[in-house]
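Accompanying notes for the structure given below.
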Amino acid sequence: QRRVRGFLFVSRNTAIVSVFSVLPYHSQDTVNKRKTLQIGRENSGHFTQTISYAYLLEDGETPVDTYDPYCLENPERSTNNYKTDIVLPGIIVSFLEFETPESFKKDENDQFKEKWPEVDITLSKMKSIKRDLLKVATLRHLPVTVLCYAFVYFETLAFSKYINKGNRKLAAGACLMLARKFLYSNLTVLSELAEVLRVSESDIVSEEFKVLAALKFSLHYPESAIIPHYSRLLGLGHQLAR
């Protein structure tokens, strides 16, 4: 009878990375040789080697160490270019030019890019993604905390240059999936995510582990990173619909 040895790997922030078991390899030909363990599912008495994602892991600081909940806030918009001041005796009159929504959006994106050139996604697209996640959370009655964690994960990925125009929807869906699982919410969101984000369910599932690796398996964030998002959703959540 073979003994099974179990392994439990836990990240520095207590998020479980993997749990697996290894069956000892007893072959007379390899008694004095060091063999590479092959782990996988047993199929007809044989073991198949699984895919390694070790190349996705890097040493150094985790995203939790460097994340700032205010780092991707909307830049303070300057209206100096659209304001005309007239100084009169005892009074100063200011005139602001009318601005269309299209020009406001472009100007806001330009200022955001100037402030955060390393972020490979526009501010308007980030707002759009957050509106989609908010819609899914509303449809499924998710706890506000789950949505806050999804926002934190998404912003962390954006600031680490993982997010781009092509993968933003899949990454956002994976962020909400991970947040739901991490906070032990038993509400399913996959079908709603696929419908709202207009992507396939299988693609979201495939993206989930890549996002987890990009976050360096660090899913737990301190309250100081969550509360700002929580406050915005409760007190300023209506602005996301704009």
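The values are calculated or read from the model by the stated rules, or taken from the named source; none is laboratory data. A quick note: this is a predicted structure, and the numbers were derived from the prediction, not measured. When we count neighbours, we look across all protein chains shown, and the Cβ atoms used for this are built from the backbone with ideal geometry, even at glycine. For accessibility, only protein heavy atoms count, side chains too; no ligands or nucleic acids. Shrake-Rupley method; radii C 1.70, N 1.55, O 1.52, S 1.80 Å.
Within segment 181-221, the proportion of C-alpha pairs whose separation exceeds 13 Å stands at 61%. Annotation note: GluC sites (Glu not before Pro) in segment 108-170 located in DSSP loop regions with a Cβ neighbour count of at most 10 within 10 Å are Glu118. Expressed as a whole percent, the proportion of Cα-Cα pairs in segment 141-180 lying more than 10 Å apart is 66%. Derived from the Cα gyration tensor, the three semi-axes of the equivalent ellipsoid of segment 170-242 are 22, 18, 11 Å, largest first. All distinct Cα pairs of segment 90-150 go into the 1/r average, and the inverse of that average, the Kirkwood radius, is 14.5 Å.
Per residue, the accessible area of segment 85-242 comes to 54 Å², computed with a 1.4 Å probe over protein heavy atoms only.
Counting 0.36 nm for each residue step from Ser202 to Asp68 and taking away their Cα separation leaves a gain of 45.1 nm.
Translational diffusion of segment 96-231, estimated by Stokes-Einstein from the Kirkwood radius over alpha carbon pairs at 25 °C in a medium of 0.890 mPa s, is 158 µm² per second. By accessible area, using a 1.4 Å probe on protein heavy atoms only, segment 116-223 has 55% of its surface on carbon and sulfur.
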